[in-house]
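Visitor: Before I ask anything, let me first share the structure, which is written out below as structure tokens.
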Amino acid sequence: MYELATVTYGTKPAPFLATRTLKQLALDEGHKFPRAAQAVDEDIYMDDVISGADDVDTAVELRKQLAAMIARGGVKLRKWASNCLDILDGIPRDCVALPDSEEVNWDQDQAVKTLGLTWFPKTDCFKYQFRLPMLEPNKTLTKRKYCLR
């Protein structure tokens, strides 16, 4: 008999388990990390926390609380992104989602992606991408015939 001790991505329950684990962590540790608990409750998108703050100090505090609270659950946050470099100060380079501006970088539109949502931190804009099917001439457009999948 085998028992999984980790969430294995690619299995059907993985998205639920990841989200449920973060929600339970917010319940258990929320009294110590109130900003992080609120972000996990309100700003989670699958296994990504997409949150923000009105000022740099609050955002830095949120980042520190999220890292500390999630570490209490034995998890290390993988990637951080921000439209303000001061918020990322002190984070190891391998944990920053976008490369430093000091490096040579030909991509002017660096983006962070999560489940179909693309965010451009430099301009603080969001983008969705989708493909429209080729329409056949003289055919009626219906939901059943041209459903976007």
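Visitor: Could you count how many Lys pairs in the chain have their Cα atoms under 26 Å apart, skipping same-chain pairs fewer than 8 positions apart?
Guide: 24
Visitor: How far, in nm, would the chain grow between Leu115 and Thr58 when pulled straight, counting 0.36 nm per residue and subtracting the alpha carbon separation?
Guide: Full extension from Leu115 to Thr58 adds 17.9 nm.
Visitor: Then there is this: Rounded, prolate or oblate, given the Cα gyration tensor of the range 15-64, with a/c below 1.5 counting as rounded?
Guide: It comes out oblate by the Cα gyration axes.
Visitor: Can I ask one more? Would you kindly derive the ³J(HN,Hα) couplings of the range 55-69 from the backbone phi angles with the Karplus curve 6.51 cos²θ - 1.76 cosθ + 1.60 (θ = phi - 60°), listing them in order in whole Hz, with x for Gly and Pro?
Guide: Here the 3J(HN,Hα) series is 8, 5, 4, 5, 5, 5, 4, 4, 4, 5, 5, 4, 4, 5, 5 Hz.
Visitor: Follow-up. What shape does the range 37-83 have by the C-alpha gyration tensor, where a ≥ b ≥ c are the square roots of the eigenvalues, rounded means a/c under 1.5, and otherwise prolate means a/b greater than b/c and oblate the rest?
Guide: prolate
Visitor: Rounded, prolate or oblate: which fits the chain, taking a ≥ b ≥ c as square roots of the Cα gyration tensor eigenvalues, rounded meaning a/c under 1.5, else prolate when a/b beats b/c?
Guide: In terms of gyration-tensor shape, oblate.
Visitor: Lys/Arg Cβ at +1, Asp/Glu Cβ at -1, dipole of the chain taken about the Cα centre: which of Val75, Val56, Tyr2 is farthest positive-ward?
Guide: The residue sitting farthest along the positive end of the dipole is Tyr2.
Visitor: Would you kindly state how much longer the chain becomes between Lys79 and Tyr9 on full extension, computed as 0.36 nm times their sequence separation minus their alpha carbon distance, in nm to one decimal?
Guide: 23.5 nm
Visitor: Arrange Met69, Met46, Met134, Met1 by Cβ neighbour counts within 10 Å, fewest through most, would you?
Guide: Met1, Met134, Met46, Met69
Visitor: Another question, if that's okay. Put a dot 7 Å past each Cα toward the Cβ at Ala68 and Leu141; how far apart are the dots in nm?
Guide: Here the modelled spin labels are 5.4 nm apart.
Quick note: the coordinates plus some simple rules give every number you see, no bench work behind them. These numbers come from a predicted model, not from an experiment. Methodologically, a virtual Cβ is constructed for each residue, glycine included, from the backbone with ideal geometry; neighbour enumeration extends over all protein chains shown.
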